[in-house]
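The values are calculated or read from the model by the stated rules, or taken from the named source; none is laboratory data. Computed from a predicted model, the values in this text were never measured in an experiment. As a convention, Cβ positions derive from the backbone with ideal geometry for all residues, glycine included, and neighbour counts pool all protein chains shown. We work out accessible area using only protein heavy atoms, side chains counted, and drop any ligands, DNA or RNA first. Shrake-Rupley method; radii C 1.70, N 1.55, O 1.52, S 1.80 Å.
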Amino acid sequence: MKTAVPCYYHLDVEVSPQRVGQVSRILAAHLRFWDLENLVEPVCRGVGMLLEAIVEHAKDRNTSIEMWWNGQHLITAIGDNDRALRPDQELRGCLEHLAAMSDGWGCCATETGSKVIWFSQRARAGEREPLVPTTPAPNLREGLDVPREVPVTRLAGSTSTSDGTLEEAR
């Protein structure tokens, strides 16, 4: 069952050819922990393509990877620090694959001149497991009776008049 609790994960890594598979396994483990097994393959493939492109073309390989799950969409973002790496040139083929396999994607620049590439995957309605009602567990505590209504005796020394006001007895 898909959890509706928002989840977030952040990973900073210096990418190398050996670390691409390791990062994919880490992300897959988090997706499985969030009960998003059906998103493991497309997310890991998209992140793997981007990381391999960064390994191939970037001079600065320090990369940040973030995943956000909001209950309906998983957004994955990869930020690099290489100002010379241009998405429209070196990453063109990778971005075409991301556009084809994701529900949405984009690229934006940061204040430091680096870039963030993100893509989103939606949890399909047909892939969700139906909610199954659970039977309540027996109560092991002893129940307390509701207090009975006890008649209130008249206040000593006071009487009530026909209009409902209390008057002090003389």
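Checking each residue in the stretch 15-58 for being assigned to a loop (DSSP other than H, G, I, E, B), within 22 Å of K115 (Cα to Cα) and open to solvent by less than 20 Å² (accessible area, probe 1.4 Å) picks out V15, A58.
In the stretch 23-49, the residues that are without any contact (Cβ under 8 Å) to a residue 60 or more places away in the chain and under 17 Å from H97 (Cα atoms) form Cβ pairs under 6 Å with partners that are buried (at least 17 other Cβ atoms within 10 Å of the Cβ) and among the small types (G, A, S), at six or more places apart or across chains, as follows: V40/A28; C44/S24; C44/A28; G48/S24. Residue pairs whose Cβ atoms lie under 8 Å apart, sitting 6 or more positions apart in sequence or on different chains, and linking a residue in the stretch 112-125 that is on the phi > 0 side of the Ramachandran plot and at pLDDT below 85 to a partner that is of a type in the set (K, R) and part of a loop (DSSP other than H, G, I, E, B), are G113/R83. Restricted to the stretch 1-14, and to residues that are at pLDDT 90 or above and open to solvent by less than 90 Å² (accessible area, probe 1.4 Å), which residue is farthest from I75 (Cα to Cα)? Of everything passing the filter in the stretch 1-14, V13 is farthest from I75 (Cα to Cα). Residues that are open to solvent by 40 Å² or more (accessible area, probe 1.4 Å) and in a strand (DSSP E or B) were ranked within the stretch 65-81; the one that is farthest from E111 (Cα to Cα) is H73.
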